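Here's the structure, in structure tokens; my notes come after.
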Amino acid sequence: MHKIIGQMLCIEKCDASIRSVELQLVRVETCGCSEGYSRDATEIQNIQIGEGDVCRNILIPIHMIFPRLFTCPTLVTNNFKIEFEVNVVVVFEDEHIITENFPIVLIRP
């Protein structure tokens, strides 16, 4: 069980040993037409924010600088979309993985 507080992550309770906590940036491109649609998700960046069996009830700061060459403002049209997601990934010692997905909207002023 975990929760995100602002720009912090807190592992409140976990009976299994954790190997790492990671933050992934994913670019999702969707093309659609009358025949159907195609959705392609590409991992842009993966940052380890916690290594080893992280302490419980300790706030882990979340910081990610988006790479300019691989990101752009979110774009949504009738037939084409470019969207972004951030995944919080917890990898356990026994190789099991838990992922929680957070869609985000990128804008440029």
(request) Kindly list the number of the only condition in (1) open to solvent by 60 Å² or more (accessible area, probe 1.4 Å); (2) at pLDDT below 95 that fails for Gly32. (result) (1)
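Keeping to the range 78-90, report how many residues are within 30 Å of Val54 (Cα to Cα) and open to solvent by less than 20 Å² (accessible area, probe 1.4 Å).
Going through the range 78-90 one residue at a time, the tally reaches 5.
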(message) Return the residues of the range 78-98 that are within 14 Å of the chain's Cα centre (by Cα) and in contact (Cβ under 8 Å) with a residue 40 or more places away in the chain; say none if nothing qualifies.
(response) Glu83, Phe84, Glu85, Val86, Asn87, Val88, Val89, Val90, Val91
(request) Kindly list the number of the only condition in (1) over 24 Å from Arg108 (Cα atoms); (2) touching a strand residue (DSSP E or B) at 6+ places or on another chain (Cβ under 9 Å); (3) open to solvent by 40 Å² or more (accessible area, probe 1.4 Å) that fails for His63. (result) (1)
(message) I'm trying to understand the selection: among the residues of the range 67-77, which are touching a residue at least 24 places away in the same chain (Cβ under 8 Å), open to solvent by 30 Å² or more (accessible area, probe 1.4 Å) and among the polar types (S, T, N, Q)?
(response) Thr74
(message) Condition first: free of Cβ contacts under 8 Å to residues at least 24 places away in the same chain and open to solvent by less than 40 Å² (accessible area, probe 1.4 Å). Now tell me which residues in the range 35-53 satisfy that.
(response) Gly36
(request) State whether the residues of the range 94-107 include one that is in a strand (DSSP E or B), open to solvent by less than 80 Å² (accessible area, probe 1.4 Å), farther than 16 Å from Ala41 by Cβ and modelled with pLDDT of 95 or more. (result) no
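The values are calculated or read from the model by the stated rules, or taken from the named source; none is laboratory data. Computed from a predicted structure; not experimentally measured. Note: ideal-geometry Cβ built from the backbone for every residue, glycine included; neighbour counts use all protein chains shown. What goes into the accessible areas is simple: the full protein's heavy atoms, side chains included, and nothing from ligands, DNA or RNA. Shrake-Rupley method; radii C 1.70, N 1.55, O 1.52, S 1.80 Å.
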